[in-house]
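Undergrad: The following block contains the structure, expressed as structure tokens.
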Amino acid sequence: MNSSSNARQTGHESAVAVTDPGFETGPAGVPGKASRYEDLVRASIEVFSRTNYDKATTALIAREAGIAEGTIYRYFSSKKELFLACFRHVTQLLEERYAVIYRETTDEPVEYLRRVAKSYLEFLRENPSMRKFLAFILNSSFDKDFFSELQGFVEMNIKATESMVKKAIDKGEVRKEIDPRGAAWLFVGGYFTFILMTELDAEEIGDPAFVDRMLDMVMR
């Protein structure tokens, strides 16, 4: 597992500390490259979400980004490294959302989980390309590098969710019979259920009370 994934193991509360140095300074710490780097990553997500890993050539990505194909290799050693950077970018955006929610609901574990679920669903609906990209990496776990990134993201979310469920039990907000680890798996598994429901435009996701009902099924 790479250093970015290792950093994620600390949970949602430290998500804002999970950064890829390239997003701040660009490759090799070159000042002023951050914007171009991020533009390239976002253009790549668009291409990967419209096709698949094999068909998303660097030529297509360069055309989407409005750059020369060779420019990609100033930032990334391979298409795989670019793909992994795309995944880290998407998960970092989610982690930053969760960190904000955590700071606002530190002592309200059930409210924290409720707001995380709603924020995640909003993210999926607002960012269709990133939603498709997340679905793609879920189906690409046969690749050990892709699997490692997915595993790091899931483990970080399981650990953070389990901690909040335990806190909710201690506060008497949920039944003490609830299995924290099992509830965490059901909650995080819902991330991928939400992807499917959003892709299929399930009518339930348009119901403002839908997330509340799902959380009640897991936690009550």
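The values are calculated or read from the model by the stated rules, or taken from the named source; none is laboratory data. Every value quoted in this text rests on a predicted model; they were computed, and no experiment measured them. Ideal geometry is used to build each Cβ from the backbone, glycine not excepted, and the neighbour counts take in all protein chains shown.
Undergrad: What residue, among those in the stretch 151-166 that are touching a Ser or Thr at 6+ places or on another chain (Cβ under 9 Å) and surrounded by fewer than 20 Cβ atoms within 10 Å (Cβ to Cβ), is nearest to ARG50 (Cα to Cα)?
TA: Checked the stretch 151-166; the qualifying residue nearest to ARG50 (Cα to Cα) is GLN151.
Undergrad: Same structure, new question: How many residues does the stretch 140-188 hold that are within 19 Å of THR91 (Cβ to Cβ), in a helix (DSSP H, G or I) and among the acidic types (Asp, Glu)?
TA: Summing the residues that are within 19 Å of THR91 (Cβ to Cβ), in a helix (DSSP H, G or I) and among the acidic types (Asp, Glu) in the stretch 140-188 gives 4.
Undergrad: Of the conditions (1) more than 30 Å from ALA56 (Cβ to Cβ); (2) without any contact (Cβ under 8 Å) to a residue 40 or more places away in the chain; (3) within 13 Å of the chain's Cα centre (by Cα), SER119 clears all except one; give me its number.
TA: (1)
Undergrad: Looking at VAL90, is it modelled with pLDDT of 95 or more, more than 17 Å from SER148 (Cβ to Cβ) and part of a helix (DSSP H, G or I)?
TA: So VAL90 fails the test.
Undergrad: Moving on. Could you check GLU108 against (1) of a type in the set (Asp, Glu); (2) farther than 25 Å from VAL165 by Cβ; (3) surrounded by 14 or more Cβ atoms within 10 Å (Cβ to Cβ) and say which number it fails?
TA: Checking GLU108 against (1) of a type in the set (Asp, Glu); (2) farther than 25 Å from VAL165 by Cβ; (3) surrounded by 14 or more Cβ atoms within 10 Å (Cβ to Cβ), the one that fails is (2).
Undergrad: Name the single residue that is nearest to ASN52 (Cα to Cα) among those in the stretch 77-87 being in contact (Cβ under 8 Å) with a residue 24 or more places away in the chain and either touching a Phe, Trp or Tyr at 6+ places or on another chain (Cβ under 7 Å) or outside any helix (DSSP H, G or I) (or both).
TA: This residue is PHE83.
Undergrad: Within the stretch 140-179, restricting attention to residues that are of a type in the set (Phe, Trp, Tyr) and touching a helix residue (DSSP H, G or I) at 6+ places or on another chain (Cβ under 7 Å), which residue is nearest to CYS86 (Cα to Cα)?
TA: PHE146
Undergrad: Here are the criteria: (1) of a type in the set (Ser, Thr, Tyr); (2) under 15 Å from ASN127 (Cα atoms); (3) surrounded by fewer than 21 Cβ atoms within 10 Å (Cβ to Cβ). Tell me which single one THR91 does not satisfy.
TA: (3)
Undergrad: Filter the stretch 197-211 down to residues that are assigned to a helix (DSSP H, G or I) and modelled with pLDDT of 90 or more, then give me how many there are.
TA: Summing the residues that are assigned to a helix (DSSP H, G or I) and modelled with pLDDT of 90 or more in the stretch 197-211 gives 7.
Undergrad: Out of the stretch 125-141, which residues are in contact (Cβ under 8 Å) with a residue 60 or more places away in the chain, out of contact with any Ser or Thr (no Cβ under 8 Å at 6 or more places or on another chain) and small (Gly, Ala, Ser)?
TA: ALA135, SER140
Undergrad: Shifting gears a bit: Can you tell me which residue in the stretch 167-220 is nearest to MET156 (Cα to Cα), limited to those that are surrounded by 16 or more Cβ atoms within 10 Å (Cβ to Cβ) and among the small types (Gly, Ala, Ser)?
TA: ALA184
Undergrad: Only residues in the stretch 159-178 that are closer than 14 Å to VAL218 by Cβ count as the first member; pair them with residues that are among the charged types (D, E, K, R) and in a helix (DSSP H, G or I), Cβ under 8 angstrom, at least 6 apart or cross-chain, and list the lot.
TA: GLU162/ARG181
Undergrad: Of a type in the set (Gly, Ala, Ser) and farther than 22 Å from SER44 by Cβ, is that true of ALA184?
TA: When the stated conditions are applied, ALA184 passes them.
Undergrad: Only residues in the stretch 58-72 that are farther than 8 Å from ALA43 by Cβ count as the first member; pair them with residues that are of a type in the set (Asp, Glu) and part of a helix (DSSP H, G or I), Cβ under 8 angstrom, at least 6 apart or cross-chain, and list the lot.
TA: Note: pairs meeting the criteria are THR58/GLU69; ALA59/GLU69; ALA62/GLU69.
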